[in-house]
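Notes follow the structure.
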Amino acid sequence: QVQLVQSGGGLAQPGGSLNLTCVASENINDYFTVAWYRQAPGKRLETNARLGQDGAVYYIDSVKGRCTIAVDNGKNTVYLQMTKLKFEDTAVYHCTVVRQGRAYWGQGTQVTVSP
């Protein structure tokens, strides 16, 4: 069973940047998709960014041009780079990996955008 351990996040000012990291406990080179979800206070869980094995990338409209999802297969790591942060980016962020028909979730990382 794959375990995902997240790091990064924290407090940032509007317009700032944060990088989230998600390290898998084993090789995930055969992933079907990797993704970052987020859940803001009082709101439902939403897909922030998703990357398919075929290279297809999806970003929610509100983060297009500001976020980049990437995978380093050699390090079994999924990244989310966030720039030009906005107040509405405040949320708990979860990484996910779908492989071999199963979905694995990270523990969640708080991102707070505040002056």
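The values are calculated or read from the model by the stated rules, or taken from the named source; none is laboratory data. A quick note: this is a predicted structure, and the numbers were derived from the prediction, not measured. Positions of Cβ are generated from backbone atoms using ideal geometry, with glycine treated the same way; all protein chains shown enter the neighbour counts. Ligands, DNA and RNA are excluded from the accessible area calculation, which covers all protein heavy atoms including side chains. Shrake-Rupley method; radii C 1.70, N 1.55, O 1.52, S 1.80 Å.
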Residue check, Y104 surrounded by 12 or more Cβ atoms within 10 Å (Cβ to Cβ), in contact with an Asp or Glu (Cβ under 7 Å, 6 or more places away or on another chain) and modelled with pLDDT of 95 or more
no
Among the residues of the stretch 93-110, is there at least one that is β-branched (V, I, T) and touching a Gly at 6+ places or on another chain (Cβ under 8 Å)?
yes
Residue pairs qualifying under the 6 Å Cβ cut-off, at least six apart or on distinct chains, with the first in the stretch 70-91 being on the phi > 0 side of the Ramachandran plot and the second being assigned to a helix (DSSP H, G or I) and open to solvent by 40 Å² or more (accessible area, probe 1.4 Å), are none
Considering each residue of the stretch 72-82, count those that are open to solvent by 60 Å² or more (accessible area, probe 1.4 Å) and not in a helix (DSSP H, G or I), and give that number.
2
Out of V98, V2, V92, sole residue that is open to solvent by less than 20 Å² (accessible area, probe 1.4 Å) and either touching a strand residue (DSSP E or B) at 6+ places or on another chain (Cβ under 9 Å) or β-branched (V, I, T) (or both)
V2
I'm told L85 meets every condition in (1) in a loop (DSSP other than H, G, I, E, B); (2) touching a helix residue (DSSP H, G or I) at 6+ places or on another chain (Cβ under 8 Å) except one. Can you identify the failing condition by its number?
(2)
If a residue has to be surrounded by fewer than 14 Cβ atoms within 10 Å (Cβ to Cβ) and touching a residue at least 24 places away in the same chain (Cβ under 8 Å) to count, how many in the stretch 49-66 make the cut?
1
Can we say I69 is in a loop (DSSP other than H, G, I, E, B) and open to solvent by less than 20 Å² (accessible area, probe 1.4 Å)?
no
Counted residues in the stretch 5-31 being open to solvent by 30 Å² or more (accessible area, probe 1.4 Å), hydroxyl-bearing (S, T, Y) and more than 13 Å from the chain's Cα centre (by Cα) come to 2
Out of (1) within 15 Å of T109 (Cα to Cα); (2) open to solvent by 60 Å² or more (accessible area, probe 1.4 Å); (3) not in a loop (DSSP other than H, G, I, E, B), the one P41 does not meet is (3)
